[in-house]
Amino acid sequence: MLDLINPAIALLTVAFGLFGFLAPRYTADVLDLKPTDSNMGLSELRASAGGLFVALGLGCLVLGTPMAYAMLGVAYVGAGTGRLVSIVLDNPPRGKALLYFAFEAVPAAWLILWNL
């Protein structure tokens, strides 16, 4: 059973990444991002919230090594750290920000502690 958690987290990472990659306008709306006069924001969402996470998740599934999964955990640590700094400095909607932080911190903890 525990051997299924790493691939499940990687698949969820791919799934969440696909939203940013294939539906950047939807992702922007969910993340409370506002469009400007340029489509550069959509490009950034496809790249950073989309393609990056799709590639990370797929890389873990293809490589299947503990170190690959641990590095996915490190990526989640980075996201969670940025989220915590934002909660302190930016005062985002607290409930939403804490929920997103949980979606970053729990996989980070599992992937690092289980795979190192």
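Nothing in this text is a laboratory measurement; each read-out follows from the coordinates by a stated rule. In this text the structure is predicted, and so the values were computed from the model without any measurement. Heads up, the Cβs are rebuilt from the backbone with ideal geometry, glycines too, and the neighbour counts pull from every protein chain shown.
Would you please give the FRET efficiency between Leu22 and Asp90, computed as 1/(1 + (r/R0)^6) with r the Cβ-Cβ distance and R0 = 35 Å, to the nearest 0.05? If you can, show how the numbers build up before the last one.
Values: r = 28 Å, r/R0 = 0.79.
Here the calculated transfer efficiency is 0.80.
Could you work out how much longer the chain between Met67 and Leu2 gets when fully extended? Use 0.36 nm per residue separation minus the Cα distance between them, nm to one decimal.
21.8 nm
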Give me the one-decimal nm value for the distance between modelled label points at Leu11 and Ser48, 7 Å along each residue's Cα-to-Cβ direction. 3.0 nm
On a C-alpha basis, how far is the centre of the range 75-91 from the centre of the range 11-45 in Å? Whole number, if you could? 18 Å
Give the angle, between 0 and 90 degrees and rounded to the nearest 10, that separates the Cα long axis of helix 5-22 from the longest principal axis of the Cα atoms of the chain. 20 degrees
Return one number: the angle in degrees, 0 to 90 and rounded to the nearest 10, between the long axis of the Cα atoms of helix 52-63 and the longest principal axis of the Cα atoms of the chain. 10 degrees
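Where the only charges are on Cβ atoms (+1 Lys, Arg; -1 Asp, Glu), what is the dipole of the chain about its Cα centre, to the nearest 20 debye?
80 debye
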Pop a pseudo-label 7 angstrom from the Cα along the beta-carbon direction at both Met40 and Val106 and give the gap in nm to one decimal. 3.6 nm
By how many degrees, 0 to 90 and rounded to 10, does the Cα axis of helix 66-89 deviate from the longest principal axis of the chain? 30 degrees
Give me the percent relative contact order of the chain, please, defined on Cα pairs under 8 angstrom at least 6 residues apart. 28 percent
